[in-house]
Amino acid sequence: MIKTTCAYCGVGCGVTATPREGGGFDIAGDAAHPANQGRLCVKGSALGETIGMEGRLLFPMMRERGGDASLQRVAWGEALDHVADRWRAIIDEHGPDAVAFYVSGQLLTEDYYVANKLMKGYIGSANIDTNSRLCMSSAVAGHKRAFGEDVVPVHYDDIDHADMVVLVGSNLAWCHPILFQRLSRAKEARPEMKIVVIDPRRTATCELADLHLPIKPGTDVWLFNGLLSYLSRIGAVDPGFVAAHTSGLEDALAVATLAPEEVARACRLNLQDLMEFYESFAATAKVITAFSMGVNQSSAGTDKVNSIINCHLIGGRIGKQGMGPFSITGQPNAMGGREVGGLANMLAAHLDLDNAAHRDAVQSFWESPGIASRPGLKAVDLFEAIEAGRVKAVWVIATNPVVSLPNADQVRRALERCELVVVSDVVRDTDTNAYADVLLPALAWGEKDGTVTNSERRISRQRAFLPAPGEARADWLILSQFALRMGYDGFGYASAAEIFTEHARLSAWRNSAEELPRAFNIGALATLGESAYDALQPTQWPAIATADAAPAARPFADGRFSHADSRARFIATVPRAPANLPDGEFPITLNTGRVRDHWHTMTRTGRAPKLADHIAESFIDLHPQDALLCGVKEGELARVSSQWGSMIARVQHGGGITRGSAFVPIHWNNQTASDARVGAVVNPVVDPVSGEPEFKHTPVTIDRFPVKWHGFILSRDALRLDALAYWTKVQGKDFQRYELAGRNAIEDFGAWARQLLGIKDDDADWLEYADRTSCVFRAVHLVDDRIAQCIFISARPDLPARQWLASLFDKAQLDVADRAALLAGRPIAAGADTGPTVCSCFGVGRNTICKAIREQNLTTPAQVTACVKAGGNCGSCVPELKKLLSEIRVEETA
Ligand SMILES: Nc1nc2c(c(=O)[nH]1)N[C@H]1C(S)=C(S)[C@@H](COP(=O)(O)OP(=O)(O)OC[C@H]3O[C@@H](n4cnc5c(=O)[nH]c(N)nc54)[C@H](O)[C@@H]3O)O[C@H]1N2
Ligand SMILES: Nc1nc2c(c(=O)[nH]1)N[C@H]1C(S)=C(S)[C@@H](COP(=O)(O)OP(=O)(O)OC[C@H]3O[C@@H](n4cnc5c(=O)[nH]c(N)nc54)[C@H](O)[C@@H]3O)O[C@H]1N2
Ligand code: SF4
Ligand SMILES: [Mo]
């Protein structure tokens, strides 16, 4: 059994991988890991389905610009020589700022450290930015302004001690499920603990809340300024703490002038609800305010963060058990990236690029030829500079910017124009890889070795349990081999452990009260040898015990912060509206975010059949009245357009959205759908302090996407369907499923369908039912009495249940009843349509659950689990079970 850490979110759960007899691995939660104590959410428990070789990038590939456009396999030496020669030539001609790295919070700390050392110390530019710019740069900037250092002052077990937890712009139930379950258990044990959710949508997280404040998008600063002013007015202040450990309260209060009535109006909230929140906050000492992308991804993101921290400082609610402002990180190593100075305006080891003493410290430690002396380009600016030709070579590592950046069509144009695009990835086909001149195969989760740091500053090992496939290499090794070719010394690393201990030594370098004191100090780990590094247990900083020192307490426990005068700062946060507001042409505010079972651009979760059915295709969630005004109907397709671009998704209601807003998930892209990159629609406005994009607020218009027919295909082989007006791909267990829609009139259904499915053999075993007048068509293609493909077309979107058809792919032989059912378009056996998946672990559908609730009068999620298993494994669907239970209760009392 090998212990490692989950590949996905910042909770950082421990995972065990146990070889299975006959091949493969069993993935389970690590009971000894403090982050999860053995539990895994639905994504974590499906990790085993994502480690296969299909679609993997296994060899370096290169394409000649202007020549044959296709990528050709090359040797590592040739690829790295080529990149080094081109970089050297570009740097010689245009200077070091003409090249750039764009990296990721999914790199391991060791990879991240090497990339930063190379760029900032050796190439001499700070043009290295990361997708963390899109994620937590506002939290970083807020922490630095308030505390003088980017430190998260809360621990997971504080949740067990808090009396109030406020979740701001966080869909914890879906995005950090194991932390959410911890919160649910705390609430179960102490029902008097108050949970408040501040989110414009009524998300699954709200199922646990005592109070949901459906705030007007973008107005959080009004809300928290109002709270600060209220706390001050009623005297809910810790004057001793404020006097001894902070400065700037008067200035902060001077801009927090609105009375609660005015705040309620600005935030479009019910005054009573607002007061309930303010009064509870004032009355509770142990409050945690946990925040995530609804706060950070805003043109006022940094101010939102500081307006929250202000409310904690005024009452001294920080640095003690059960309380504090808690930035929940997204990616598995968002925090490790912060430790190595991953952003274009930071230096390694919590040192600053714009401070000469800090620069000198890092350069002297590295003994590097130079050190970047001014901040590099932040992500959005970087891709603008690439399009403008100022940056001529970019190397993208472990991120997919053609999908995930705002104004994503601009990103595509930038890469098209760029002289040299290098991409290191683990899969062969992504929307970004399509623009690569050089494609380099990296080791993936399960193969790579190193460390990650989770949301509570706990460093854990990711360990390899699989052999390196093909010629894939560790990202740190690729970068080091490139650096050596560039002629730099200082990159002769033989192992991840060597890099880690160097990083640990740097964190302690000149880190003393007299020199450059920082809370981040993992010097205690600097002497780990290879085997001690291999055996490293999850370790939280700053509390690292050593032979001669007891572990330090939690950060800021003594009220001393990292600013030179040791005081935390209140920041005067003047409320301001989002940069682009809805108007007559673009009347709806587009919000974007995540769904429960997918991870980002789906390069990994998209391959797991277990994760495919919870939400199978991209959608736009819209209030029914807005849908009416836009002329779109639930179940039909709509085009979502902004000034920047457009995409297509299926209209749905019921996502808890208020009027005037719409929500689209971030995951689908050109690999999984015909036209579903929501990044193309999102405005490229950024926060002026952090540079983080305003992903949650773009004015859009929504129109019908008219089609003549709807349909779907289930096929054992993958198909190319680019000729159709709309398609989207869903990974099944033994098949691919495609949802389709078309604008073409179909004359001869049979011939058309056979061509679409790639059937060339006239004698193929083929059954069909066609009714041209009502545009209904069903056909099935059998091979040796097994189903190979089936296709269903109808003028309306209400097609037969996919779950039932999927079950036919398990059968070794179709019987007569199956064939008849296929042509009739519905199962013969009653109850065979189980409905859309709710519980992905046991594949339990909505219809099954609702039927059990109704027939057996179930009232709690535990009863549902006992009856139909749903919710009995990872528990990620429990909030949805609660929702179904309450919907059926309402239905029955109505
Ligand atoms: N299943 C899943 N989990 C993930 C990920 C994933 O891809 N899939 N990604 C990981 C990563 S990298 C990240 S960063 C995290 C993100 O985790 P979260 O931040 O929890 O997720 P999001 O869905 O991006 O957005 C959170 C919420 O912010 C709300 N919001 C929008 N505008 C506002 C506003 O103006 N004010 C307030 N208060 N709220 C607003 C949205 O309605 C949304 O419900 O998730 C991590 N976990
Ligand atoms: N509209 C909108 N856009 C958003 C957001 C939003 O809320 N709304 N959220 C933003 C946020 S918070 C984030 S974090 C980003 C995430 O966006 P991205 O970082 O673009 O998304 P991923 O799909 O995680 O991309 C990771 C890539 O790295 C590859 N990869 C995985 N492991 C490795 C490895 O070990 N080495 C290498 N070299 N490659 C690897 C994967 O195959 C994949 O192609 O999206 C941002 N974009
Ligand atoms: S909560 Fe889920 S996705 Fe996040 S680390 Fe834990 S198992 Fe992985
Ligand atoms: Mo993120």
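The values are calculated or read from the model by the stated rules, or taken from the named source; none is laboratory data. Small disclaimer: the values here were computed from a predicted structure and weren't measured. Positions of Cβ are generated from backbone atoms using ideal geometry, with glycine treated the same way; all protein chains shown enter the neighbour counts.
Among (1) touching a residue at least 60 places away in the same chain (Cβ under 8 Å); (2) under 29 Å from the mean Cα position of the chain (by Cα); (3) assigned to a helix (DSSP H, G or I), where does S280 come up short? That leaves (2) as the condition not met. Inclusion of Y533 among residues that are modelled with pLDDT of 95 or more, under 18 Å from D111 (Cβ atoms), part of a loop (DSSP other than H, G, I, E, B) and of a type in the set (F, W, Y) is not warranted. Once region 30-74 is narrowed to residues that are under 16 Å from R182 (Cα atoms) and in contact with a helix residue (DSSP H, G or I) (Cβ under 6 Å, 6 or more places away or on another chain), the residue that is nearest to ligand 3 (Cβ to nearest atom) is C41. Listed by first and then second residue, the pairs linking a residue in region 241-258 that is surrounded by 13 or more Cβ atoms within 10 Å (Cβ to Cβ) to a residue that is charged (D, E, K, R) and assigned to a helix (DSSP H, G or I), with Cβ atoms under 9 Å apart and 6 or more places separating them unless they lie on different chains, are L258/R265.
Applying the criterion of being within 30 Å of the chain's Cα centre (by Cα) and not in a strand (DSSP E or B) to the residues of region 826-840, the residue that is modelled with the highest pLDDT is S840.
Of everything in region 333-342 that is part of a helix (DSSP H, G or I) and farther than 17 Å from G142 by Cβ, the residue that is farthest from ligand 2 (Cβ to nearest atom) is E339.
Within region 310-332, can one find any residue that is within 16 Å of ligand 2 (Cβ to nearest atom), part of a helix (DSSP H, G or I), of a type outside the set (S, T, N, Q) and closer than 30 Å to H598 by Cβ?
We begin by selecting, within region 310-332, every residue within 16 Å of ligand 2 (Cβ to nearest atom); these are 327-332.
When the remaining residues are screened for being part of a helix (DSSP H, G or I), the result is none.
No, every residue in region 310-332 fails to be within 16 Å of ligand 2 (Cβ to nearest atom), part of a helix (DSSP H, G or I), of a type outside the set (S, T, N, Q) and closer than 30 Å to H598 by Cβ.
Residues that are in a loop (DSSP other than H, G, I, E, B), more than 21 Å from V426 (Cβ to Cβ) and in contact (Cβ under 8 Å) with a residue 24 or more places away in the chain are absent from region 68-88 altogether.
Selection of region 215-252 for residues being on the phi > 0 side of the Ramachandran plot and out of contact with any Phe, Trp or Tyr (no Cβ under 6 Å at 6 or more places or on another chain) yields G218, G235. For region 343-386, a residue qualifies if it is part of a loop (DSSP other than H, G, I, E, B) and of a type in the set (G, A, S), and the qualifying residues are A344, A348, A349, S368, G370, A372, S373, G376.
Remark: pairs (first residue in region 1-26, without any contact (Cβ under 8 Å) to a residue 24 or more places away in the chain; second residue assigned to a loop (DSSP other than H, G, I, E, B) and of a type in the set (D, E); Cβ separation under 7 Å; 6+ apart in sequence or on different chains) = T16/D30. The residues of region 795-823 that are surrounded by fewer than 18 Cβ atoms within 10 Å (Cβ to Cβ) and touching a residue at least 40 places away in the same chain (Cβ under 8 Å), listed by number, are A795, R796, D798, D810, R819, L823.
Results for (1) within 27 Å of the chain's Cα centre (by Cα); (2) in a loop (DSSP other than H, G, I, E, B); (3) modelled with pLDDT of 95 or more; (4) within 16 Å of ligand 2 (Cβ to nearest atom), shown as yes or no for each residue.
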{"residue": "T4", "(1), (2), (3), (4)": "yes, no, yes, yes"}
{"residue": "A35", "(1), (2), (3), (4)": "yes, yes, yes, no"}
{"residue": "G44", "(1), (2), (3), (4)": "yes, no, yes, yes"}
{"residue": "E49", "(1), (2), (3), (4)": "yes, no, no, yes"}
{"residue": "E54", "(1), (2), (3), (4)": "yes, yes, no, yes"}
{"residue": "R65", "(1), (2), (3), (4)": "no, yes, no, no"}
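When region 841-890 is filtered for residues that are over 30 Å from the mean Cα position of the chain (by Cα), surrounded by 17 or more Cβ atoms within 10 Å (Cβ to Cβ) and in a loop (DSSP other than H, G, I, E, B), only L858 remains. Cβ separations smaller than 6 Å between residues 6+ apart or across chains give the following pairs from region 586-598 residues that are modelled with pLDDT of 95 or more to residues that are in a loop (DSSP other than H, G, I, E, B) and within 16 Å of ligand 4 (Cβ to nearest atom): N591/K696; T592/I666; T592/F695; H598/H667. The sole residue among L590, L536 that is buried (at least 16 other Cβ atoms within 10 Å of the Cβ), under 30 Å from H155 (Cβ atoms) and of a type in the set (A, V, I, L, M) is L536.
Checking D150, D163 one by one, the residue that is away from ligand 3 (no atom under 16 Å from the Cβ), within 28 Å of S876 (Cβ to Cβ), of a type in the set (D, E) and in contact (Cβ under 8 Å) with a residue 24 or more places away in the chain is D163 and no other.
Is it true that some residue in region 337-344 is surrounded by fewer than 24 Cβ atoms within 10 Å (Cβ to Cβ) and touching a Gly at 6+ places or on another chain (Cβ under 9 Å)?
So the first thing to find is which residues in region 337-344 are surrounded by fewer than 24 Cβ atoms within 10 Å (Cβ to Cβ), and the list is none.
No, region 337-344 has no match at all.
Give the residue that is nearest to the chain's Cα centre (by Cα), with candidates limited to residues of region 442-481 that are of a type in the set (S, T, N, Q) and part of a strand (DSSP E or B). This residue is T453. Applying the criterion of being without any contact (Cβ under 8 Å) to a residue 60 or more places away in the chain and not aliphatic (A, V, I, L, M) to the residues of region 413-432, the residue that is surrounded by the fewest Cβ atoms within 10 Å (Cβ to Cβ) is E416.
Identification of strands (runs of 3 or more DSSP E) wholly contained in region 670-762 with 1 or more residues that are of a type in the set (S, T, N, Q), surrounded by 15 or more Cβ atoms within 10 Å (Cβ to Cβ) and over 25 Å from the mean Cα position of the chain (by Cα) yields 698-704, 709-715.
Report whether or not T539 is among the hydroxyl-bearing types (S, T, Y), at pLDDT below 95 and more than 30 Å from E250 (Cα to Cα). Talk me through it step by step, then tell me what you get.
Values: among the hydroxyl-bearing types (S, T, Y): yes; at pLDDT below 95: yes; more than 30 Å from E250 (Cα to Cα): yes.
Yes: the conditions hold for T539.
Residues of region 632-640 include none that is part of a loop (DSSP other than H, G, I, E, B) and touching a Ser or Thr at 6+ places or on another chain (Cβ under 8 Å).
The residue that is surrounded by the most Cβ atoms within 10 Å (Cβ to Cβ), among those in region 643-669 that are over 12 Å from T728 (Cβ atoms) and more than 16 Å from ligand 1 (Cβ to nearest atom), is V651.
Each row is one residue, and each column tells you yes or no for (1) touching a Leu at 6+ places or on another chain (Cβ under 7 Å); (2) within 16 Å of ligand 1 (Cβ to nearest atom); (3) of a type in the set (D, E).
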residue: D437; (1), (2), (3): yes, no, yes
residue: E456; (1), (2), (3): no, yes, yes
residue: Q462; (1), (2), (3): yes, no, no
residue: A483; (1), (2), (3): yes, no, no
residue: T501; (1), (2), (3): yes, no, no
residue: S507; (1), (2), (3): no, no, no
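Can you report the number of residues in region 109-141 which are within 16 Å of ligand 4 (Cβ to nearest atom) and out of contact with any Leu (no Cβ under 8 Å at 6 or more places or on another chain)? If you could, list the steps in order and put the result at the bottom.
Looking only at region 109-141, we keep the residues that are within 16 Å of ligand 4 (Cβ to nearest atom), and these are 112, 129-141.
Then keep just the ones that are out of contact with any Leu (no Cβ under 8 Å at 6 or more places or on another chain); that gives 112, 131, 135-136, 138-139, 141.
Total meeting the criteria: 7.
In region 561-579, is there at least one residue being outside any loop (DSSP other than H, G, I, E, B), modelled with pLDDT of 95 or more and farther than 30 Å from S661 by Cβ? Yes, region 561-579 contains at least one residue that is outside any loop (DSSP other than H, G, I, E, B), modelled with pLDDT of 95 or more and farther than 30 Å from S661 by Cβ.
Answer yes if at least one residue in region 437-453 is surrounded by fewer than 24 Cβ atoms within 10 Å (Cβ to Cβ) and under 30 Å from D158 (Cβ atoms), and no otherwise. Scanning region 437-453, I find at least one residue that is surrounded by fewer than 24 Cβ atoms within 10 Å (Cβ to Cβ) and under 30 Å from D158 (Cβ atoms), so the answer is yes.
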